[in-house]
Structures are given as structure tokens and as C-alpha cells.
1. Set the Förster radius R0 to 25 Å, insert the Cβ-Cβ distance between Glu49 and Lys336 as r into 1/(1 + (r/R0)^6), and round the FRET efficiency to 0.05.
2. Starting from the Cα of Lys128, draw a straight line to each of the lysines and keep only those under 16 Å, dropping any in the same chain fewer than 8 residues away.
3. Distance from a point 7 Å along Cα→Cβ of Ile37 to each backbone N in segment 176-191: keep the residues under 17 Å and list them by number.
4. Could you sort 95-105, 293-303 so that the peptide with the highest average Cβ count within 10 Å comes first and the rest follow in order?
5. What is the magnitude of the charge dipole of the chain about its Cα centre, with +1 placed on the Cβ of each Lys and Arg, -1 on the Cβ of each Asp and Glu, and no other charges, expressed in debye to the nearest 20?
6. Would you list, by chain and number, the lysines whose Cα falls below 22 Å from the Cα of Lys54, excluding same-chain residues fewer than 8 positions away?
7. Pop out the ³J(HN,Hα) list for segment 208-225 in order, Karplus 6.51 cos²θ - 1.76 cosθ + 1.60 with θ = phi - 60°, rounded to Hz; leave Gly and Pro as x.
8. Once the Cα atoms of helix 166-176 and of the chain are each reduced to a long axis, what angle between those two axes, in degrees from 0 to 90 to the nearest 10, is obtained?
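Computed from the coordinates by the stated procedures, all read-outs in this text should not be read as laboratory data. Remember, predicted model here, so these are calculated numbers, not experimental data. Cβ atoms come from the backbone with ideal geometry, glycine included; neighbour counts cover every protein chain shown.
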Amino acid sequence: MGKDILILAIESSCDETAAAVVKNGRTVLSNVISSQIALHTLYGGVVPEIASRKHIEKINQVIKQALLEAGTELKDIDAIGVTYGPGLVGALLVGVAQAKAISYACNKPLIGVHHIEGHVSANFIEHKDLKPPFLCLIVSGGHTHIVIVKDYGQYEIIGRTHDDAAGEAFDKVARAIGLGYPGGPKVDKLAKEGNKHAVSFPRANIAGSPYDFSFSGLKSAVLNHLNSCAMKGEEVNKADIAASFQEAVVDALVSKTMAAAKNYNMNQIAMAGGVASNSALRQAMDKACIEKGLKLYYPSPILCTDNAAMIGTAAYYEYLNGTRHGLDLNAVPNLKIGQR
């Protein structure tokens, strides 16, 4: 047995300040998250400057707590992993600056991690049998991709959204029907009380791009339906709207993922990102995979949302691949998946 590799990971791409210690890529020794949801709910969404300031306040605390819970000290750590994109530039800079400072002060290797690749890697934590290659549906507030995970750290994008990400559409529809922020969990909860067949909302298909998504038209259809009801003086059943909208999103996500799995001969499917915790999506994907004899993986909800454990897992495999970054590492708010 070789020496255990311990990664101290830092995540600050949006509105969670997080730190974790991960051993050998798949064992989480600590995973500390300081959420700002209550703060940003007052404004109906994330306010970038407020998020950055709160990261500055919390980052030392969460790192100290992560080391304490893991029973480790900085001298025990083998490398520092940190999210450097994509995300809010001010928020990213807080984590990157902190990671660079620790790397310099402790003479530890620095590894920049792609936030979305971190979400994919969350599946490795709880599913010890999952190994590449596999197909992964990435669904979050800012991204909706279908990717082939060829190997650890090697990705091929075969599908993407042309406009709104799925999570963004959830937030906008939640706001339209008066649910507030964060939209995804609130729509999911309300949809359980509604009829998913009450309103027939559209599913977009992109000519020549069978695995690509578009949710802007769906969002507009919901808004038009609400406006039409208002003009006619008709009462709106919010639960039915939530359920019908959610059904349209889930149908698009599952059908395109299943088509990609068939055409690329993939028998392992994974899901990643905040929307991967949506109960309707999980149920529909479970059903589709059972029917087609495919193995499905997805993380627990706490590992679907932003956290540092997933960053530590991704950093571990980058560490094994020889990835090292210098002190000139910078935040890249529009970093593309697979980009180095």
C-alpha cells in the first residue's frame, strides 16, 4: 500500500463557502459548507458583491473547521485543490487567493479545479465501483451538458443548452409563480401537489443537434400561460404549473440522455449538479435506466449542491495526472469544461 494522499479542497464559486479534506479521492474526512441562501433570499437571487464579501468573512473559519473535523493539520496535506472557474469572478478570487496563500506558505502543490468537473467527480465519493468511461448529465443553475467521461479528467461534450440552463429555468419560473429563491427545490416541492399533465408545455428539439437543449422557449411558454390566465381572469393553480413545467424539463433531460446512451453504447449513466437532486428527475431517470438495463449513479443531495468534497475528489485525480498550477493561477469565470 502506498502513502495516503490528502487533499485540502476549497470551493467558493457562488454562494457557498466550503472546505473539505479528502483522502485518496474517494474518502471524505470532512466537508464543511457555509451557505448564504438565507442572505440572498432577501434579494431573490445571488448578489455577487455580497457573496464575495461573505466568502472573505467565512473562508478561514471553514478551512480551520475542515482540518479540525478531519483530524489533520496543514503539514499533513499533500496538495491544495481549489475551484478556479466557472463562477462569479469575485467569489472565485477569494478561494483562489486563499489556496495560493496556503500553497506558498506551506510549500504544497496547488491544483486548480473546474467547478463542473468537480460536480461530475461527486459521483466517485459514494459509488466506489464507478469508473470511466460513462455518460454524465450535468444539470445546474448555470450548465446543462451531456458529456462522455472518457477517463478521469477527460471529457467530451456531446450536448449542451443553447440558452437557459435547466436550473436557471427553474429559478425564473419559480419567481414567476411567486415561489421565490432558490427556485429549484421550491418548484420540486410544490410540483408534488400538482397534476403534471394539466398544461402541455413545449419540449424543444434542435435541428442537427439531437443531444442539445433549449429551455428559453419553455420558460416563455410558462410566462405566456400565466399572462393569458391573468388577462382572462382565470385562476392559476400554481401546483399544476410547477408540475407541468417540471415534467417538460425532466422529459427533455431524460429523453436526450437515453438517446445519447444508446447511440454511444454507454451502459453507465451518471448525473451531476444541483438539479440532479430533483426528485422527479431522479425517479424518471431511474425508471428509464431500469427499462433499458443501464446502471445509474447520482450523489446524495448534499453532494449535488456546491461543496468542497467534490473539488477534493477532482483535485486528487488531477494530482495523479501530474497537474500542478503556479502562483499565477487566476479565476476564470467562463472556464469551459475540459479546458486547462
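1. According to the calculation, E is roughly 0.50.
2. The qualifying lysines are Lys23, Lys295.
3. Flagged as within label range: 179-191.
4. 95-105, 293-303
5. 300
6. Lys64, Lys100
7. Values per residue, Gly and Pro as x: x, 9, x, 10, 8, 10, 8, 10, 5, x, 5, 4, 5, 5, 5, 4, 5, 5 Hz.
8. The helix 166-176 is inclined about 50 degrees to the chain.
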